[in-house]
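The values are calculated or read from the model by the stated rules, or taken from the named source; none is laboratory data. All figures in this text were calculated on a predicted structure; none of them were measured in a lab. Glycine also receives a Cβ, built like all others from the backbone with ideal geometry; neighbour counts cover every protein chain displayed.
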């Protein structure tokens, strides 16, 4: 048997946003847990909630809906946009 080391994608960007990731997984994806790497995209979570349900959940929680591009970008970049939208909503100029 050939024993090869399993290599996972890097998680440095996700780890820097750990609290936001945990909130997103629980409240938007409605999953008890998920392995998320720096390469994870929202479209990787098929079979759960529909795109419309995810967009509505993001709008309700962060004040920002989702566009097609959000499903194809790295999740950590989407989380940055969602957090910025929430801050604008909670602390308007």
Worksheet item: Which residues, counting only those in the range 10-48, are in contact with a helix residue (DSSP H, G or I) (Cβ under 7 Å, 6 or more places away or on another chain), part of a loop (DSSP other than H, G, I, E, B) and in contact (Cβ under 8 Å) with a residue 24 or more places away in the chain?
Response: 17, 36, 37, 38, 40
Discussion item. Quick check on the range 49-81: of everything there that is touching a helix residue (DSSP H, G or I) at 6+ places or on another chain (Cβ under 8 Å) and in contact (Cβ under 8 Å) with a residue 60 or more places away in the chain, which residue is farthest from residue 12 (Cα to Cα)?
Written reply: 79
Discussion item. Can you find a residue that is in a helix (DSSP H, G or I) and either at pLDDT below 95 or in contact with a strand residue (DSSP E or B) (Cβ under 7 Å, 6 or more places away or on another chain) (or both) anywhere in the range 64-82?
Written reply: yes
Worksheet item: On the given criteria, is residue 48 over 12 Å from the mean Cα position of the chain (by Cα), modelled with pLDDT of 95 or more and either over 21 Å from residue 90 (Cβ atoms) or surrounded by 12 or more Cβ atoms within 10 Å (Cβ to Cβ) (or both)?
Response: no
Fill in: From 39, 22, 56, 5, residue being loosely packed, with under 15 Cβ neighbours inside 10 Å and at pLDDT 95 or above
22
